[in-house]
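Notes follow the structure.
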Amino acid sequence: MTHDHDLELRPTPAQTEAALHPPAGRTGGDLVVETLRGLGASTVFGLPGQHALGMFDALRRSDLAYVGLRVENNAGFAADAYGRVTGEVAPLLLSTGPGALLSLAALQEAAAASAPVLAIGSQVPVAGLGGGRHGYLHELRDQQASFRDVVKSVHTVRTQSQIPSALAAAWESALTAPHGPVWVEIPQDVLLAETSLPVVTAVDATPRDLVPRPELTAVAADLLTRAERPVIVAGGGVVRADAAGKLRALAEKLDAPVVTTFGGKGAFPWEHPLSLQSWLEDRHTTDFLEDADVLLVVGSGLGELSSNYHTFAPRGRVLQIEADLGKLESNHPALGIHADARLALSALLETVGERSDPAAPGRVRRVLAAVRERIDGQDLTLEQQVLASVRAALPDDSPSFWDMTILAYWAWSAFDARRPNTMHSAQGAGGLGYGFPAALGAAAADPTRPVLAVSGDGGAMYSIAELATARQYDLNVTWLIVDDGGYGILREYMTDAFGEATGTELTRPDFAALAQSFGVPAVRTTPDHLRDDLAKALSEPGPSVVVLPARLRMFAPTHLGVG
């Protein structure tokens with residue numbers, strides 16, 4: 001008896017002929033490229049190195065688009081952004097040793113933000129594997145050990161026949177909730193040797209669904225239906241799972257106010273009557289969350305930033321939906337539901353009862369008014385003007401990428417992302433240099449709309465080399481550099497803690513002139529002209545730089561002295 005799946009596994013005559021007589025001149029590098037194409041990749045990022053040349057030579061024989069950056073860490077940030085905005089795996093090609101290790105900070109950010117990045121690094125020849133000291137160029141005793149604590153999974157290849165299976169397993173891992181970066185390493189001689197293996201065609205790497213347990217969602221639905229003061233915290237897991245629509249439907253069915261974490265920006269409409277926006281670093285919001293009798297946390301671990309620096313102490317019942325098992329109940333006891341946010345929200349929508357609370361919008365308005373009153377009492381007109389100008393200049397559907405800088409810290413709380421999956425920052429791992437190279441990755445993913453990058457002058461210096469990348473590929477990225485003469489937020493932290501700052505003041509270039517030397521148009525602006533200058537830059541094709549000399553301040557924290 002012949003089953004349908006038997007027919008699917010049976011090769012066609014054309015496939016059989018191709019398998020029996022593969023083209024000559026192929027190498028292990030071709031197997032890598034063919035497998036990526038078979039998995040569905042269309043764009044790869046990276047930077048060549050001696051041991052990885054077999055992969056890069058194979059790119060020449062493929063139809064994969066290649067975006068080469070100037071620093072491996074920046075290539076990792078670009079791949080991270082590509083994965084975030086598309087939801088697809090972003091291949092990242094790296095060389096052995098120094099090249100590989102330079103990507104670690106970017107892969108840490110991808111892990112924290114659940115961005116699906118497939119990092120493929122070369123290795124020393126097979127004879128050098130195993131920890132012996134053979135003296136190969138770039139040799140490490142155990143290269144994969146450097147990645148094991150950063151990425152979701154590690155895959156080592158020793159023969160050409162292992163390449164398709166290893167890449168498929170890594171691809172599946174990257175796309176299984178929670179998304180994240182994975183590491184594959186392939187020895188130099190495996191990549192360079194000619195192969196007689198058949199051309200790789202379609203490869204199956206379907207990610208596993210992380211389905212919630214029905215008895216848990218039934219209990220959660222009952223608690224939410226009977227709650228007097230339910231509140232929802234929506235984190236980055238809602239964005240990564242493309243579950244904003246499900247979240248809104250559930251909130252409206254329950255009349256439950258919603259606050260989004262900094263990683264969850266855009267998961268819920270900013271001006272919705274039930275929106276508490278993102279003021280998580282404000283005690284008024286913290287108090288409101290503590291007063292909830294049932295708190296539904298979706299796609300967040302309630303870490304440091306999402307808990308007002310661990311001062312949040314819930315008094316009601318906490319329900320937590322989280323795809324990352326390590327984050328489940330890691331900070332607060334809860335009814336923990338290990339599941340993809342979209343699947344869990346769908347299950348709740350099917351089982352939760354209608355609940356009406358006409359007073360909920362009024363309670364939300366009072367919290368936001370109290371937050372506004374606190375901010376307005378701190379003489380922060382310049383900061384609010386600058387952020388409002390950026391919002392006004394940026395098209396609603398354009399993604400923005402924010403480095404670790406004071407304006408980004410403001411944006412976490414105060415910026416209306418307007419659309420899901422359009423505002424991204426490095427707040428997951430907190431490293432400098434994310435904004436500009438990440439924006440380049442997003443522009444490579446969708447060249448039809450402008451992309452905004454925001455950096456301070458300190459963070460900008462991490463990425464200056466990528467002005468050449470932006471010009472080479474003519475990527476539609478406008479880079480706003482807020483120049484305050486140093487590491488502004490560290491200056492504030494140290495001054496507040498010690499009375500003066502050390503190591504925070506920086507000599508920096510004329511950023512506009514430097515950009516122009518790369519052939520990238522640039523302009524110096526002022527707070528009063530920022531909106532128009534930024535809008536003009538965003539409206540013109542290709543890369544551009546807008547430099548704003550300004551010394552911004554943060555709003556006062558509310559967590560200090562709270563226990």
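The values are calculated or read from the model by the stated rules, or taken from the named source; none is laboratory data. Just so it is clear, the structure is predicted and the values come from calculations on it, not from any experiment. With ideal geometry, Cβ positions are generated from the backbone for all residues, glycine too; neighbour counts draw on all protein chains shown. The protein model used for the area step is the full one, side chains on, heavy atoms only, and it has no ligands, DNA or RNA in it. Shrake-Rupley method; radii C 1.70, N 1.55, O 1.52, S 1.80 Å.
Values for this structure:
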quantity: Which numbered condition residue 31 misses (of (1) of a type in the set (A, V, I, L, M); (2) under 20 Å from residue 115 (Cα atoms); (3) more than 24 Å from the chain's Cα centre (by Cα)); calculated: (2)
quantity: Residue within the stretch 356-373 that is over 26 Å from residue 248 (Cβ atoms), buried (at least 20 other Cβ atoms within 10 Å of the Cβ), touching a Pro at 6+ places or on another chain (Cβ under 8 Å) and of a type in the set (Val, Ile, Thr) present; calculated: no
quantity: Answer from 537, 556 - the residue that is touching a residue at least 40 places away in the same chain (Cβ under 8 Å), surrounded by fewer than 21 Cβ atoms within 10 Å (Cβ to Cβ), hydrophobic (A, V, I, L, M, F, W, C) and out of contact with any Phe, Trp or Tyr (no Cβ under 8 Å at 6 or more places or on another chain); calculated: 556
quantity: Residue match in the stretch 456-473 (condition: within 26 Å of the chain's Cα centre (by Cα) and under 20 Å from residue 555 (Cβ atoms)); calculated: yes
quantity: Residue count, the stretch 30-41 (criterion: open to solvent by less than 10 Å² (accessible area, probe 1.4 Å) and at positive phi); calculated: 0
quantity: Scan of the stretch 42-72 for residues that are touching a residue at least 60 places away in the same chain (Cβ under 8 Å) and surrounded by fewer than 24 Cβ atoms within 10 Å (Cβ to Cβ), ordered by number; calculated: 43, 49, 50, 53, 54, 65, 67, 68, 70, 71
quantity: Pair list, Cβ < 6 Å and 6+ apart or interchain, from the stretch 124-140 residues that are farther than 20 Å from residue 192 by Cα to residues that are open to solvent by 50 Å² or more (accessible area, probe 1.4 Å) and not polar (S, T, N, Q); calculated: 131/141
quantity: Top-ranked residue of the stretch 327-342 - restricted to ones that are open to solvent by less than 60 Å² (accessible area, probe 1.4 Å) and outside any loop (DSSP other than H, G, I, E, B), ranked as farthest from residue 300 (Cα to Cα); calculated: 335
quantity: Some residue of the stretch 360-383 being assigned to a helix (DSSP H, G or I), within 26 Å of the chain's Cα centre (by Cα) and in contact (Cβ under 8 Å) with a residue 40 or more places away in the chain; calculated: yes
quantity: Qualifying residue in the stretch 187-194 (condition: modelled with pLDDT of 95 or more and farther than 19 Å from residue 33 by Cβ); calculated: no
quantity: Test: residue in the stretch 489-507 that is over 21 Å from residue 401 (Cβ atoms), in contact with a Leu (Cβ under 6 Å, 6 or more places away or on another chain), among the hydroxyl-bearing types (Ser, Thr, Tyr) and open to solvent by less than 40 Å² (accessible area, probe 1.4 Å); calculated: yes
quantity: Any hit, the stretch 416-438, residues being touching a helix residue (DSSP H, G or I) at 6+ places or on another chain (Cβ under 8 Å), over 23 Å from residue 488 (Cβ atoms) and small (Gly, Ala, Ser); calculated: no
quantity: Number of the condition not met by residue 321 [criteria: (1) without any contact (Cβ under 8 Å) to a residue 40 or more places away in the chain; (2) part of a strand (DSSP E or B)]; calculated: (1)
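Table: residues versus (1) among the acidic types (Asp, Glu); (2) at pLDDT 95 or above.
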| position | (1), (2) |
| --- | --- |
| 313 | no, no |
| 322 | yes, yes |
| 342 | no, yes |
| 368 | no, yes |
| 371 | no, yes |
| 383 | yes, yes |
| 387 | no, yes |
